[in-house]
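Here's the structure, in structure tokens; my notes come after.
The values are calculated or read from the model by the stated rules, or taken from the named source; none is laboratory data. Note that the coordinates shown come from a computational prediction; the quantities given were computed from them, not determined experimentally. Reconstructed Cβ throughout: ideal geometry from the backbone, glycine too, with neighbour counts over all protein chains shown. Keep in mind that these areas ignore ligands, DNA and RNA; they rest on the heavy atoms of the full protein, side chains included. Shrake-Rupley method; radii C 1.70, N 1.55, O 1.52, S 1.80 Å.
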Amino acid sequence: MEKNQEEILTLAIESSCDETSAAVLRGGREVLANIISTQIPVHQKFGGVVPEIASRKHIVNIMPVIDECIRTAGVSLKDIDQVAVTYGPGLVGALLVGVSAAKSLAFSLGVPLIGVNHLEGHIFANFLSTPKLEPPFMALVVSGGHTALVDVRGYNHFKMMGQTRDDAAGEAFDKIARVMGLPYPGGPRIDALAKEGNPLAIDFPQALTEKGNFEFSFSGLKSAVLNYINSEKMKGHELNKPDIAASFQHSVIEVLVGKAFQAVKEAGRDTLVLAGGVAANSGLESRLREEAAKRGVNFSYPSKILCTGQCRHDRLPRLLSGSGRPLQRPVSQCSAGAWS
Amino acid sequence: MSILAIDTATQVSSVAVADEGKLSAELTMQARLTHSETLMPHIEQVLRMAAVKKEELAGIAVSIGPGSFTGLRIGLAAAKAMAYTLGLPIVGVSTLKALAYHVPVPGVRIVSLLDAQKGNAYVESYRWEQGTLSVVDAVEVAKVTDIVAHCARIAEPVLLTGDVVQKKIIGKMELPAGVMTAPGQYPDAAGSLCGHARPGRAQSRPSGQCHGYRAGLYPPQ
Ligand SMILES: [Zn+2]
């Protein structure tokens, strides 16, 4: 008996970084339960995610998280119609725990396994906030873990235009916030501070701005800001934090905005979608909106609940099934076949 | 009452099914594929070979190390998820002990060695007494050269087993008199099954023997 598409129950698992999470979804848009076990306090002591510790924690947490999720959703395991899992990108050792558990669950239940690209998870958040959104469109994914431009050609067809060569934009925000003595997570603090400062006060560099280059690099900018702060301190100057925040954010935003609209033009798209944790940055959002209006491009970004603060991998399981459409692709081997 | 055993502690990938102590099917491979790629297809295949439905399983045995960090996590995640879904008891078996279960020979000191990198090995030694395996020196990490030198001072014959034997000892080291190497130095699921089947360890049947003397080298005592 074929189940109605709207009735399909998906168990989604995500373990790509420092959070073990599971969700049960009905029909792709309705979240019955979403359980998250965060390791952030564990890694905070080390100033970043330690991959071995992450893997260890995932193996300890994964079954309790799944069990709690099933119970909270009020469903029975045998009612699950498919299992979805993030297969990458992310920390390999961490991902493998989720992928191995998901494969085993799918086999044991006798249901299909669907591999979901982590970036797709971020992108498909927009289907929840903008129901009318349909491919093709250009997606700018900016989060604590990634900075990428993805041409979404269809529900199952993606082309990576370019991604970061080194740091993700979100990492640069956090590092600079830390040096300025702002509490974690730094992104929203810098965004707030930047509103009081002059974005043109300090001339920070913008990397890889040549035409046709869709790759990003933020390590040079990060060093330039850190050097500036150090030299100001050496000179005994009081730091003008609002100006530093505004000027740094200006450099990041101009690079992102410039490349995003270049990619829109190159791919011949009429819609730009902003996805990922840093999407909550109001400066970025307003600049993209302004530029989109000027160029006659449609602009969509997820509601803030889906992209606050960091990468928010905890939100991903609920996004994994996105519109319900991406899950039609069975990925028994979890390969990134739909990406070109 | 079949038991499924999984061993992904080394570069060898091994899955086996036993029924009441009889090894029904086993698939052990050392290819260039990752455990992540091979494990689930192998579980499926071994169950099919043994003509056992997953719903008919009575328990799962899984090697819990020492061994490869990622390999163990792949095996453990799969075993836990399967045990959870099928409602089965799960038993963890020491990889070192699983090796010793392959050599059920009395009157010999069995020394299990697993690679701990940089010339080191995880080592534990055992003796079979009245059909029971008992630990003589509990697990520790030591230099392979020191372990071999120490073996020379053991009064009874010594049998070395484990991946270190093939990687670091055979053809690379002069062995003292009375120290021999065992054939088949990689841990496998059949060894884990034996560990599972041992009295006191098992949470479910089978009991009895399922030793790894498939090669016929060591008759049961
Ligand atoms: Zn992410």
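So the values come out like this:
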| read-out | value |
| --- | --- |
| Matching residues in segment B:101-132 - criterion: being crowded, with 23+ Cβ neighbours inside 10 Å and either outside the structural domain of B:Lys167 (by TED's automatic domain parsing) or touching a residue at least 40 places away in the same chain (Cβ under 8 Å) (or both) | B:Tyr101, B:His102, B:Val103, B:Ile110, B:Val111, B:Ser112, B:Leu113, B:Leu114, B:Ala121 |
| Top-ranked residue in segment B:43-53 [being in contact with a strand residue (DSSP E or B) (Cβ under 8 Å, 6 or more places away or on another chain) and within 11 Å of chain A (Cβ to nearest Cβ); ranked as surrounded by the fewest Cβ atoms within 10 Å (Cβ to Cβ)] | B:Leu47 |
| Test set (1) open to solvent by 10 Å² or more (accessible area, probe 1.4 Å); (2) at pLDDT 95 or above; (3) within 14 Å of another protein chain (Cβ to nearest Cβ) - A:Ile66 fails condition number | (1) |
| First in segment A:138-160 and over 21 Å from A:Ile176 (Cα atoms) and charged (D, E, K, R), second anywhere and open to solvent by less than 10 Å² (accessible area, probe 1.4 Å) and away from the ligand (no atom under 16 Å from the Cβ), Cβ under 6 Å, 6 or more apart | A:Asp151/A:Met138; A:Lys159/A:Asp151 |
| Members of segment B:76-91 that are facing chain A (nearest Cβ under 7 Å) and either open to solvent by 40 Å² or more (accessible area, probe 1.4 Å) or more than 16 Å from A:Leu95 (Cβ to Cβ) (or both) | B:Lys80, B:Met82, B:Tyr84, B:Thr85, B:Leu86 |
| Qualifying residue in segment B:8-20 (condition: open to solvent by 20 Å² or more (accessible area, probe 1.4 Å) and either touching a strand residue (DSSP E or B) at 6+ places or on another chain (Cβ under 8 Å) or farther than 19 Å from B:Ile64 by Cα (or both)) | yes |
| Those helices (runs of 4 or more DSSP H) lying entirely in segment A:116-209 with at least 2 residues under 30 Å from A:Arg26 (Cβ atoms) | A:118-129 |
| Residues located in segment B:71-85, provided they are without any contact (Cβ under 8 Å) to a residue 24 or more places away in the chain and within 23 Å of B:Ser112 (Cα to Cα) | B:Arg73, B:Leu76 |
| Test for B:Thr95: is it open to solvent by less than 10 Å² (accessible area, probe 1.4 Å), in contact (Cβ under 8 Å) with a residue 24 or more places away in the chain, more than 22 Å from A:Gly98 (Cα to Cα) and among the hydroxyl-bearing types (Ser, Thr, Tyr) | yes |
| For B:Gly59: the one exception among (1) out of contact with any helix residue (DSSP H, G or I) (no Cβ under 9 Å at 6 or more places or on another chain); (2) in a strand (DSSP E or B) | (1) |
